[in-house]
Amino acid sequence: MAVTRHADAVAPVRSSGPFSIWMSRHASTSVGALGRLARHPLSSLMIILVIAVTLALPAAINLVVKNAQAISGGWDNALDFSVFLKQEMSESDAAGLGRLIEQRADVASVQFISATQALGEFKEQSGFGAALDQLPDNPLPHTLIVRPSASNTSASMVLLQEELTNLPETEHVQVDTEWVQRFHAILDIVRQAIAIGAALLAIAIIVVIGNTIRLDIENRRDEIEVTKLIGATNAFVRRPFLWTGFWYGLFGGLLALALVYYGLYLLQGPVARLAGLYQSEVAIASMTAGEAGAIVGIGVFLGLFGSWFTAARHMRRIEPR
Amino acid sequence: MIQLENVTKRFPGGQEAVSGLSLSIDKGEMAFVTGHSGAGKSTLLRLIALIERPTGGQVIVDGQNTRRVKRRRIPAYRRQIGMVFQDHKLLYDRPVFDNVALPLIIAGVGHRDAGRRVRAALDQVGLLHKEKRSPETLSAGEQQRVGIARAIVTRPKLLIADEPTGNLDPDLSLEVMRIFRRFNEVGVTLLIASHDIALIDKLGCRRIALADGRLQAPEEEEVDEWL
């Protein structure tokens with residue numbers, strides 16, 4: 001039990017290389033927090049699962065909407081305008097107008113259906129043939145079926161529709177894309193609902209993590225008091241709890257990704273079968289790397305925020321007595 | 001090292017733990033605070049450690065007026081002082097080594113340097129061979145020595161101890177006091193609260209007697225002992 005020399009005994013505490021020490025301190029604290037989670041695997045897993053499901057839910061619904069939009073997006077421009085022309089127009093004028101419209105850049109093709117043709121089709125299909133024969137004049141107008149070119153945006157589609165309507169020869173324009181637009185409006189509402197729901201779920205995650213951290217802090221109250229008594233700052237005692245929150249968020253986010261990908265995997269077979277029935281090659285759009293990263297990132301952020309919020313509030317209150 | 005000027009600590013209930021106390025402890029001194037429980041010994045040490053703030057008067061430690069130490073600066077202030085407690089206040093979820101290393105980790109001392117200092121501190125209290133043990137497996141006397149090692153590992157100029165031998169038998173108490181004595185010999189100022197007057201007399205150190213939060217003349221105290 002040798003006593004150190006005088007000068008040595010009273011030498012002040014010196015820190016060497018603040019950054020590397022800061023780094024190694026964080027490294028050991030993070031590993032320590034991880035160890036704590038591993039020591040209570042079941043309860044840790046429960047919390048991670050709650051976070052994962054809460055993150056996976058909006059992510060999955062978002063994916064469904066994204067796919068619905070991708071599929072229906074193709075319908076937008078494939079559908080045609082039926083331009084009914086004024087009764088008094090002659091057949092040749094109507095056909096000429098059709099050719100004129102066809103030259104527009106935003107129009108792919110124009111099909112001309114004369115009044116006579118239309119009446120003939122109607123007679124065949126409706127079964128009112130005899131009755132229609134009694135009419136003195138053909139009540140049907142000449143019609144142009146305008147197919148917009150694929151390069152149209154929804155804005156230029158509206159413009160095209162307006163211009164067709166405003167032609168002096170036009171009686172009426174019927175848009176067959178209206179229901180697609182309604183469908184898109186519904187998808188937009190669903191999108192909004194997801195955003196609202198996701199915000200609520202984010203709060204739920206913060207509460208879950210906050211509550212877990214609060215219990216953790218209560219359990220380690222003595223330890224916190226002792227460390228504060230020997231000179232630890234609030235930041236120092238807070239650090240392990242922030243790391244705990246970080247790990248919860250990270251593992252929750254990763255598990256959420258796994259859940260979503262597993263769901264996609266389960267749906268792949270049925271979707272392929274459906275696509276086969278329609279003889280199309282529709283495949284499910286998966287998450288982009290950015291979206292996948294965002295889920296994990298949001299998990300980590302919520303974990304850190306939840307634990308920081310709770311730890312900051314409780315640390316101040318725990319003072320040595 | 002420590003100056004108290006007319007210090008009063010009144011608790012919200014109105015009772016005064018320390019009343020108009022003035023005293024001075026020099027650098028390099030080893031002094032004991034004695035008195036019955038409730039005499040104000042612990043409060044005095046808690047005022048020095050800034051666990052409590054005085055309601056009146058001034059406490060000056062190593063030239064710093066504690067009144068001017070802001071709440072945010074308390075941790076840095078405490079790191080200058082070594083503290084030993086009657087109940088050791090060890091962390092039982094980690095081995096002896098980690099307990100002693102804690103003040104160094106808080107202070108941001110590098111890994112290798114910390115290891116060296118922890119072993120030096122454990123060596124000084126004679127527990128070098130038990131660094132990997134859990135504190136729970138140690139005797140009360142050994143636990144207290146771990147507490148002392150933790151208090152001196154940062155090499156503070158001032159060490160305060162609240163009833164460090166309160167739970168120990170006379171032999172172990174003497175052993176602990178000898179350790180304190182050795183720190184004093186290398187220049188550490190010590191202020192120790194204790195009620196073990198026989199032991200203090202054996203060491204021949206200065207005695208500050210407190211009663212009802214005030215200084216008491218030694219003769220009065222002797223009489224008090226017999227009553």
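Just a few scattered comments:
- Residue match in the range A:156-174 (condition: within 33 Å of the chain's Cα centre (by Cα) and of a type in the set (Ser, Thr, Tyr)): yes
- Residues of the range A:186-234 satisfying the condition of being in a helix (DSSP H, G or I), facing chain B (nearest Cβ under 9 Å) and aliphatic (A, V, I, L, M): A:226, A:229
- For the range B:167-187, the set of residues classified as away from chain A (no Cβ under 14 Å), crowded, with 18+ Cβ neighbours inside 10 Å and not aliphatic (A, V, I, L, M) consists of B:173 only.
- Within the range B:88-122, the residues that satisfy the criterion of being at the interface with another protein chain (Cβ under 10 Å from one of its Cβ atoms) and assigned to a loop (DSSP other than H, G, I, E, B) are B:88, B:89, B:90, B:91, B:92, B:93, B:94, B:108, B:109, B:110.
- If you check B:210, B:190 for being under 15 Å from the mean Cα position of the chain (by Cα), at negative phi and either surrounded by fewer than 21 Cβ atoms within 10 Å (Cβ to Cβ) or at pLDDT 85 or above (or both), only one passes: B:190.
- Here residue B:119 meets the list (1) under 17 Å from the mean Cα position of the chain (by Cα); (2) more than 26 Å from residue B:51 (Cβ to Cβ) almost entirely, failing just condition (1).
- Top-ranked residue in the range A:235-270 [being within 18 Å of residue A:31 (Cα to Cα), among the aliphatic types (A, V, I, L, M) and more than 14 Å from chain B (Cβ to nearest Cβ); ranked as surrounded by the most Cβ atoms within 10 Å (Cβ to Cβ)]: A:242
- From B:55, B:66, residue being more than 10 Å from chain A (Cβ to nearest Cβ) and touching a Ser or Thr at 6+ places or on another chain (Cβ under 6 Å): B:55
- Scan of the range B:184-198 for residues that are touching a helix residue (DSSP H, G or I) at 6+ places or on another chain (Cβ under 6 Å) and touching a residue at least 24 places away in the same chain (Cβ under 8 Å), ordered by number: B:187, B:190, B:193
- Here residue A:143 meets each of (1) surrounded by 13 or more Cβ atoms within 10 Å (Cβ to Cβ); (2) on the phi > 0 side of the Ramachandran plot with one exception, condition (2).
- Filter result (part of a loop (DSSP other than H, G, I, E, B) and either free of Cβ contacts under 8 Å to residues at least 24 places away in the same chain or not basic (Lys, Arg) (or both)) within the range B:54-85: B:54, B:55, B:62, B:63, B:69, B:70, B:80, B:85
- Qualifying residue in the range A:282-300 (condition: assigned to a helix (DSSP H, G or I) and closer than 30 Å to residue A:229 by Cβ): no
The values are calculated or read from the model by the stated rules, or taken from the named source; none is laboratory data. From a predicted model like this one, the values you see are computed outputs, not experimental measurements. Positions of Cβ are backbone-derived with ideal geometry, glycine not excepted, and every protein chain shown enters the neighbour counts.
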